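Contents: one structure, followed by commentary.
The values are calculated or read from the model by the stated rules, or taken from the named source; none is laboratory data. Not measured: the values here are computed from a predicted model. Heads up, the Cβs are rebuilt from the backbone with ideal geometry, glycines too, and the neighbour counts pull from every protein chain shown. Just the protein is used for accessible areas: all its heavy atoms, side chains included, with ligands, DNA and RNA removed. Shrake-Rupley method; radii C 1.70, N 1.55, O 1.52, S 1.80 Å.
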Amino acid sequence: IHYVDTLVKACHYYDRIISTCFNNHIEFRKAFDEAAVVFVNQNNVTKSGNDQFNFNKTPELLGRYSHAVLVTHSLIPQEQTSEAINKLFLVLKYTESKDSFEKYYNWNLLSRLINKTSSSDDNEGNVIAQMKTNFGQDYSMKSHQLTQDARISDELSRNFKSSMQEDDHPLPFDFHIAVFKNGSCKLPECPPINIPQEIAPAMNSFIEYYGKQYEGRTLAWYHNKSFGEIIYNAGPLMNKKYTFTVSVYQMTILLLFNERTAWTVEEIKESTLIETNILTQVLPILERTKLLTKNSTGAYELFQNYKSSKHKHDINVPIKSELKTGSEEAVNDEVQNQRNFVLQAVMVRLMKANQTMRHSDLIAETIAAVSNRFKPNVTRIKRTIDCLIEKEYLKRDEEEADRYVYIS
């Protein structure tokens, strides 16, 4: 927040000078815009090591800022949210890697929609509307689709619950499903687990209901994004009630202890099918919170004398593989691949329209076509041209070496 505020103050300071001292002269305004681009993208805070693909930390920092503004319990007062959103778009205007920001924003938006931590639907809509106005419909399309999917999911969950009631099979607990189309958010595959018998009937009923509503569609379950609440009746008489917000992995392990009091790691793994790299992260959390303890044989036991002054606890901690998703490295990899496809598509479209183009014209028009999303370097464009020649979308002119011909 401090970083964005500092940039905005600098922009406003020089903007006032140009307005009052130079009467908004076009040359001064142009010079200011060019300087702002350099300042926003190449200062000591935002520089990152991957200059080859023109990445910097500006989009990531703006992504964090937008999440801090839009999440519940924000550090920014509700009455200042609109002003904060305007600050975001002022800095984003001068950010070169707008496609990177889009990725960070959508990862955080997905998190807010799944966890129901968005401070306001109106604020989310305001940001997406400004994306569309400032950078075009394509730029805001995935963000808009995510919010559409969330609204449809809410209605789907309500209808599912009503359907179960009407069939005299009411759910024994509150059950909410968030369904997002694969096109609006592509998540890494999540390994399957053995869902607890307490939850499995509700999931199976929803799969059947969804299949009837949307014939031909299949559901992929992301347990690493799922969570719930369990109630632990502690004490010798089981008369002390505590509520824990847990991940599905944590819930799956804890519910095993309804069957018996002690489980070895191998038994937990065999019963739950949770992968070892996940299990080794989840079990220590349950041990640190004193829900589980290790006995003399190394097996885990439920700590029945659990005591706490608080009756509600949130121990849903993201696992390492989940933290990687949406990280700088993961976003940069995804953006790099997407840029390759964007450059290829733009060049093919230009060549098809013109049939033949000089090397310098193709480079100049390609840069102009993608400049509203990112700034490609010439080396990357040349590699893309070579790639298209290999794929036989275009070829070099036999008479003019610096001219390309479209292959229909």
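What the table shows:
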| item | result |
| --- | --- |
| Accessible area in the full protein assembly, largest first, 1.4 Å probe, for Phe180, Phe206 | Phe180, Phe206 |
| Solvent-accessible area per residue, Å², over the range 126-175 with all protein chains present [probe radius 1.4 Å] | 60 |
| Probe 1.4 Å - accessible area at Arg358, Å² to nearest ten | 80 |
| Whole-Hz couplings from phi, Karplus 6.51/-1.76/1.60, listed for the range 74-81; x for Gly and Pro | 5, 6, 9, x, 4, 6, 9, 5 |
| Cα lying deepest toward the dipole's positive end in the range 44-198, options Ile193, Ser153, Ser97, charges on Cβ | Ser97 |
| The range 130-136 - phi-based ³J(HN,Hα) in whole Hz, Karplus 6.51/-1.76/1.60, Gly and Pro as x | 5, 4, 5, 5, 7, 10, x |
| Accessible-area composition of the range 209-263, carbon plus sulfur, in percent [1.4 Å probe] | 49 |
| Accessible surface of the range 270-398, 1.4 Å probe, proportion on carbon and sulfur as whole % | 50 |
| Heavy-atom accessible area order for Phe341, Phe101, Phe28, largest first, 1.4 Å probe | Phe341, Phe28, Phe101 |
| Derived scalar couplings ³J(HN,Hα) [the range 217-225; Karplus, 6.51 cos²θ - 1.76 cosθ + 1.60; whole Hz; x for Gly, Pro] | 8, 10, 9, 10, 8, 10, 5, 5, 9 |
| Normalised contact order of the range 280-388, rounded percent, pairs of Cα under 8 Å and 6 or more residues apart | 16 |
| Taking the chain and dividing mean pair separation by its residue count, relative contact order in percent (alpha carbons under 8 Å, at least six apart) | 13 |
| Size of electric dipole in the chain: Cβ of Lys, Arg +1 and of Asp, Glu -1, about Cα centre, debye, nearest 20 | 820 |
| Unit Cα scatterers, Debye sum, the chain: log10 I(q)/I(0) for q = 0.14 Å⁻¹ | -1.29 |
| Helical contribution to [θ] at 222 nm, DSSP H n ≥ 4, -39,500 (n - 2.57), averaged over the chain, rounded to 500 | -18000 deg cm²/dmol |
| Dipole in debye (nearest 20) - the range 200-325, about Cα centre, beta carbon charges: Lys, Arg +1; Asp, Glu -1 | 540 |
| Percent of C-alpha pairs per 5 Å bin, the range 181-249, short to long | 3, 12, 17, 19, 19, 12, 7, 5, 4, 2, 0 |
| Taking the range 149-304 and dividing mean pair separation by its residue count, relative contact order in percent (alpha carbons under 8 Å, at least six apart) | 18 |
| Residue of Ser19, Ser184, Ser371 that the Gaussian network model of the chain assigns the largest fluctuation, springs spanning Cα pairs under 10 Å | Ser19 |
| Using alpha-carbon coordinates, inclination of helix 58-70 to the longest axis of the chain, degrees | 50 |
| Test item: Cα-centred dipole of the range 1-93, Lys/Arg +1 and Asp/Glu -1 on Cβ, debye | 60 |
